[in-house]
Amino acid sequence: NSIFYLSEAMGVAQHHDAVSGTEKQEVAFDYAQRLAVGIDAAENVINQAFSKLLPKDGQSPPVSNQFLCQLSNISQCLEIDGQDRFTLTLWNPTIHPVVQHVRVPVRTDYTVRDPTGQIVLSELVPISYATQNIPGRTSVTQKQIIFKASLPALGFNSYYFEKKPEEEEEKYKQSKVKITH
Amino acid sequence: NEECVLQNQNLRVDFDDQGNLHQIVNINQKIDVSFVSQGFYWYQGFPGNNSQSEFQASGAYIFRPLTPNALPVSQTRSITCIKAQNVQTAIIVFNDWASQEISLYDEGEFVEVEWTVGPIPINDNIGKEIIIRYDTNIQSQSKYYTDANGREVLERKRDYRPTWNYTVVETVSGNYYPINSRIWIKEDNRQFTVLTDRSEGGGSIQDGSIEIMVHRRLLHDDRLGVGEPLNETAYGEGLVVRGRHFLIVEPPASSARYHRVGSQRLFMHPIATFALTQQDYNSYS
């Protein structure tokens, strides 16, 4: 029943005031709180699902806790900030394979491996000054990695990120990314 | 502006040397859409006199600009272009509270516009309603198309209603319609479609033009029930909103194939979850 909190909040948000934005400010806060509580609870459902999908046959390795980065639209994900290694799992809910460019906010450059272990073409590009200065943004991250992810229909792929050594980081400054003001 | 031409296998996006979006070329179809102008504009919200409904203020329920002329949010802008293999981006900053990033991804079939608006300044005591306007050279003949509250896309005609004799009173808001997922204008062999990532409102106030309201901050209640102005001061200075538009330039005959597939991909986008790991790649694999 842990998904009930989100489904109930989504139901409440079908009210015409929530849809059109004609609610009072305090009610808007209440809608936001209900949705946030619901999304947090739904993370457990994601983890329960992946705990069945991720281990290999005959093995039961501990599956790391999966979490959402809900502020990634402003290039903020404090949980992965400065980490040496992390994984990104992308679930495709459509019945078609999709190719999607993914942006991941980072402080320094990382090697990105696809599920077969191949290193994918990933590029480190700066985050705009406007994004860095959005009021309320607390991350000091000034860069993002962009790469192309291929996802199967109704399925997922996990990408493995490992921080590059500093000497490789230096190459970023001479990379092929061209910036013109 | 030779330094900032975004191009992939399908599309080319040109900017002029003032930092304005100049044209989008569909390379495969050999068609282009030129932009007379593109960017952020604002309407002054009518302050009203709410003791009588005919002097109703612009508020949560009512969009009622003081004049039908939208003003640009700035006269100048800065443009930064980033060219990589996966993505090419033009970051255009209009002022402290309005900017957009126009991106073209490798093999992408859409032009992505990520807009950021806010906090809207109100220290001049003027309520503001912010739009993004795409003024193109398409001869749209007063017609535009929006989807209606999740139902089918309907043809809209400026200053016209199909079932009664319409008297034009509000020249802007009278031509606004819900844009829940898409709006387009077209002529014989060109269609310009904008997909939205959320429900917005907008219309085509001039031929060839699409305008979409993305943010608003108003200082008066419109006296229709909410009882307070649409002025989000709880965080001290108003809200910042960021969203995306996806631009499609195709002939009318092939546009639906792109905007229907594209809108489903927007609605059912991949869900990203992260996990920390201490294992090096050999152990992890």
So A:E166 and A:K52, fully extended at 0.36 nm per residue minus their Cα-Cα distance, gain in nm 37.3 nm
Violations at 32 Å Cα threshold for listed pairs B:K30/B:K157; A:K24/B:K157; B:K128/B:K186; A:K176/B:K30; B:K30/B:K83; B:K30/B:K128 -> A:K24/B:K157; B:K30/B:K128
For peptide A:18-28, the mean count of other chain Cβ atoms within 10 Å per residue Cβ is 4
In nm, the gap between the two label points placed 7 Å beyond Cα toward Cβ at A:K178 and A:A28 is 4.4 nm
Sorted largest first, the C-alpha extents of chain A along its principal axes in whole angstrom are 54, 53, 29
For peptide B:258-271, the mean count of other chain Cβ atoms within 10 Å per residue Cβ is 3
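Listing B:I24, B:I82, A:I39 from the residue with the fewest other Cβ atoms within 10 Å to the one with the most, what is the order? Please list the in-between numbers first.
Values: B:I24 25, B:I82 22, A:I39 14.
By the 10 Å Cβ count, ascending: A:I39, B:I82, B:I24.
Given Cβ point charges of +1 (Lys, Arg) and -1 (Asp, Glu) and nothing else, what value in debye, to the nearest 20, does the dipole of the protein assembly as shown about its Cα centre take?
Details: 42 positive and 55 negative charges, 149 e Å.
Around 720 debye, computed over the protein assembly as shown.
What 222 nm value per residue comes from the helices of chain B, counting each DSSP H run with n ≥ 4 as -39,500 (n - 2.57) and dividing by all residues, nearest 500 deg cm²/dmol? Each step should come with its number before you reach the end.
Values: 2 runs with 20 residues, N = 285.
Helix-only estimate at 222 nm: -2000 deg cm²/dmol.
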Counting only DSSP loop positions in the stretch B:180-248, the trypsin sites (Lys or Arg not before Pro) whose Cβ has at most 14 other Cβ atoms within 10 Å are B:R198
The relative contact order of chain A, taking Cα pairs under 8 Å that sit 6 or more residues apart, comes to a percentage of 22 percent
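Rounded to the nearest 0.05, what FRET efficiency do A:I3 and B:D96 give with R0 = 41 Å and r taken as the Cβ-Cβ distance? Could you check? Mind dumping the intermediate values first?
Details: r = 41 Å, r/R0 = 1.00.
The formula returns an efficiency of 0.50 here.
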Taking a crude spin-label model, label points 7 Å out from Cα along the C-beta direction, the B:V168 to B:L224 distance in nm is 2.2 nm
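Please give the average number of partner chain Cβ atoms lying within 10 Å of the Cβ of each residue in B:77-88, rounded to a whole number. The partial results should precede the final answer.
Working: counts 0, 3, 2, 6, 4, 9, 6, 11, 7, 13, 8, 1.
If you average over the peptide's residues, the count of other-chain Cβ atoms is 6.
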With the 8 Å Cα cutoff and a minimum separation of six or more residues, chain B has a relative contact order in percent of 19 percent
For the stretch B:1-130, the Cα convex hull volume per residue in Å³ comes to 138 Å³
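Taking each pair of distinct Cα atoms in the protein assembly as shown once, what is the resulting Kirkwood hydrodynamic radius in Å?
On the way: mean 1/r = 0.0417 Å⁻¹.
The answer is 24.0 Å.
Any read-out appearing in this document is the output of simple, stated calculations on the displayed coordinates, not a laboratory observation. The structure displayed is predicted, hence computed values, not measured ones. With ideal geometry, Cβ positions are generated from the backbone for all residues, glycine too; neighbour counts draw on all protein chains shown.
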